[in-house]
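The values are calculated or read from the model by the stated rules, or taken from the named source; none is laboratory data. Here the structure is a predicted model, which means the values were calculated and not measured. Cβ coordinates were reconstructed from backbone atoms using ideal geometry, including for glycine residues, and neighbour counts include every protein chain displayed.
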Amino acid sequence: MEQGPEAQYFSFLARGNHRIQRCDACGEAVFYPRLYCPKCGGGLSWITPVGTGVVYSATTVRRKPEQGGDYSIALVDLTEGARLMTRIVDIPSEDVRIGMPVRFAGVGPDTRTVLYRPEA
């Protein structure tokens, strides 16, 4: 039996691969994984994004130091046009800014989280 789009997405992440979808009909970049394009209803294919984007919105998750400390969660507008939720790494939470350019940094140790870091 074929996996649905969400299962396929998490399977990509488990192998360390960052993927989004692109509409075969209109070219729209799509994230969160779906069966059909939300813009035109066309079929979707998996693509590897270029790995760059801009922070659209961000927040800090507060945790005690013994629980790993604070970390940043952000909505990132990818260069392809899709928006996704990600963790921002390699920068203090208070330094993450809206409009900040970011780059793909890998997949988190839980294999379900996409990581981005500030553009160098």
Scanning the range 41-58 for residues that are of a type in the set (A, V, I, L, M, F, W, C) and surrounded by 13 or more Cβ atoms within 10 Å (Cβ to Cβ) gives Leu44, Trp46, Ile47, Val54, Val55, Ala58
On the given criteria, is Ala25 modelled with pLDDT of 95 or more and surrounded by 18 or more Cβ atoms within 10 Å (Cβ to Cβ)? no
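Residues are listed down the side, and each one gets a yes or a no for (1) among the charged types (D, E, K, R); (2) within 22 Å of Ala7 (Cβ to Cβ); (3) touching a Phe, Trp or Tyr at 6+ places or on another chain (Cβ under 7 Å):
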site	(1), (2), (3)
Phe31	no, yes, no
Val50	no, no, no
Ala58	no, no, no
Thr79	no, no, no
Arg83	yes, yes, yes
Within the range 12-71, the residues that are touching a Lys or Arg at 6+ places or on another chain (Cβ under 9 Å), in contact (Cβ under 8 Å) with a residue 40 or more places away in the chain and in a loop (DSSP other than H, G, I, E, B) are Glu28, Phe31, Pro49, Gly51
Starting from residues that are outside any strand (DSSP E or B), of a type in the set (S, T, N, Q) and under 21 Å from Asn17 (Cβ atoms), keep the ones in the range 72-118 and report whichever is modelled with the lowest pLDDT. Thr111
If a residue must be of a type in the set (A, V, I, L, M) and either loosely packed, with under 14 Cβ neighbours inside 10 Å or over 14 Å from Arg15 (Cβ atoms) (or both), how many such residues does the range 101-120 contain? 4
Name the one entry in Asp77, Asp90 that is acidic (Asp, Glu), surrounded by 15 or more Cβ atoms within 10 Å (Cβ to Cβ) and touching a strand residue (DSSP E or B) at 6+ places or on another chain (Cβ under 7 Å). Asp77
